[in-house]
Amino acid sequence: MGLFHKKSNHVAFTGDEDKNKLHKNLAFTATEQYKLLRANLDFTLPENEKCPVIGVTSSMRGEGKSTTAINLSYVLAERGSKVLLIDGDLRIPTVAKKMGIKATHGLTDLLIGNGAQLSEYQSEQLKNWFIIPSGKIPPNPSELLGSSRMGSILSKLKESFDYIIIDLPPVNIVSDALSVANNITGMLVVIREDYTEKKELERCFRHLKLSNVRVLGCVMNESKSGSSTYKKYKKYRYYKRYYTYEGAYGEYKS
């Protein structure tokens, strides 16, 4: 697989909107919530696993899974752990855009073995925080993520990191997140308050259960101040968002 290569000036910001929602620019309250998530993971993850591989997904698009993956990986690295964030959404990747990453290759190049070296992308913010973008969009994302090559890549990476966080596509749209199930320790499911439909969340958990995915917990995104329960799931413009996403993801039959 080749040696890791540091790349300076790799991470930059592209816009104020994303900038204010990411890592060191987060408001104090949001930062504390991510630190609480970090602490809860310590009690949930297996004690004997040297490098847990944590998938981050959601039921539908727009629930904040990519932002959650970025910020979770950051607070883990901020504590001193060596952390790798992988953009595993090989259809509509967003991590690179949010972080302003400019790279010529990424995960897909490693998966197809197209002469790519496994590069180590070091962030400007923390020397122990690394990000691998998705790379070029392939025609067969689900097969690549579920391949033995993916397992080999993760096994090799686990030797160099304390945590690996993978941003994965929504479960209810395509099977990509389920394809990688055998290679992850567990999954975090992101829920957006006043946005996620209860029926879609239930469907998401059915898919995860049938695929024997260990659910590490749920993250309530954009929770209203003072909210004490998860019972409010209001309808949103589901069909418009579904067909927009389906155009890139293809139809997924449950």
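The values are calculated or read from the model by the stated rules, or taken from the named source; none is laboratory data. Remember, it's a predicted structure, so these values are computed and weren't measured experimentally. Ideal geometry is used to build each Cβ from the backbone, glycine not excepted, and the neighbour counts take in all protein chains shown.
Could you say whether any residue in region 61-75 is of a type in the set (A, V, I, L, M, F, W, C), in a helix (DSSP H, G or I), more than 19 Å from Met150 (Cα to Cα) and in contact with a Ser or Thr (Cβ under 8 Å, 6 or more places away or on another chain)?
Yes: one or more hits.
Any chance region 76-88 includes a residue that's among the charged types (D, E, K, R), surrounded by fewer than 22 Cβ atoms within 10 Å (Cβ to Cβ) and assigned to a loop (DSSP other than H, G, I, E, B)?
Of region 76-88, the ones among the charged types (D, E, K, R) are 78-79, 82, 87.
Now narrow it down to the ones that are surrounded by fewer than 22 Cβ atoms within 10 Å (Cβ to Cβ): 78-79, 82.
When the remaining residues are screened for being assigned to a loop (DSSP other than H, G, I, E, B), the result is 79, 82.
Yes: one or more hits.
For region 90-131, which positions are touching a Gly at 6+ places or on another chain (Cβ under 7 Å), assigned to a loop (DSSP other than H, G, I, E, B), at pLDDT below 85 and not hydrophobic (A, V, I, L, M, F, W, C)?
His105, Gln117
Step by step: first the residues of region 132-147, then only those that are in a helix (DSSP H, G or I) and either modelled with pLDDT of 95 or more or within 16 Å of the chain's Cα centre (by Cα) (or both), then the one that is nearest to Leu76 (Cα to Cα). Which residue is that? Step through it out loud before you land on a result.
So in region 132-147, the residues in a helix (DSSP H, G or I) come out as 141-145.
Subset that is either modelled with pLDDT of 95 or more or within 16 Å of the chain's Cα centre (by Cα) (or both): 141-142, 145.
Working: Pro141: 28, Ser142: 28, Leu145: 24 Å.
Among residues in region 132-147 that are in a helix (DSSP H, G or I) and either modelled with pLDDT of 95 or more or within 16 Å of the chain's Cα centre (by Cα) (or both), the one nearest to Leu76 (Cα to Cα) is Leu145.
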